[in-house]
Amino acid sequence: MINNEFARGAQTFSRGMTIVGSAILLICVALLTINWWQEGRWVWVGLGIAIVVVNIGLIVLQFRRPKGPRPTSDTDSGPTA
């Protein structure tokens, strides 16, 4: 059985490393996208923008708290025969 404090610490470390890695990738791709924009490489600009948007979404999702389990309700179980 894994110690609860260890598991929480490992999850925090993992979340932090994901955020740091995503931020580094975001900065590098943003700089490349600016360079590609100046050179007129429009396919690469589109790809760079898509990667930046996905990384912003990943960072936002890392800061959201996970929702608890949904309560089950017996009232919406559908028609019974």
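In terms of packing, defined here as the mean over residues of other Cβ atoms within 10 angstrom, the peptides 5-13, 27-35 line up highest first as 27-35, 5-13.
Between Glu5 and Ala50, the C-beta separation translates, for a Förster distance of 41 Å, into a calculated FRET efficiency of about 0.55. The phi torsions of the stretch 32-49, fed into the Karplus equation with coefficients 6.51, -1.76 and 1.60 and a -60° offset, translate into couplings of 5, 5, 4, 4, 5, 4, 5, 8, x, 8, 6, 5, 5, 4, x, 5, x, 5 Hz, rounded to whole numbers, with Gly and Pro shown as x. Projected label points at Arg41 and Ser14, each 7 Å from Cα along the beta carbon direction, are separated by 3.5 nanometres.
None of the figures in this text is laboratory data; all of them are computed from the coordinates on show. It should be emphasised that the depicted structure is a prediction, and the values quoted were computed from it without experimental measurement. Every residue, glycine among them, receives a Cβ derived from its backbone with ideal geometry; neighbour counts consider all protein chains shown.
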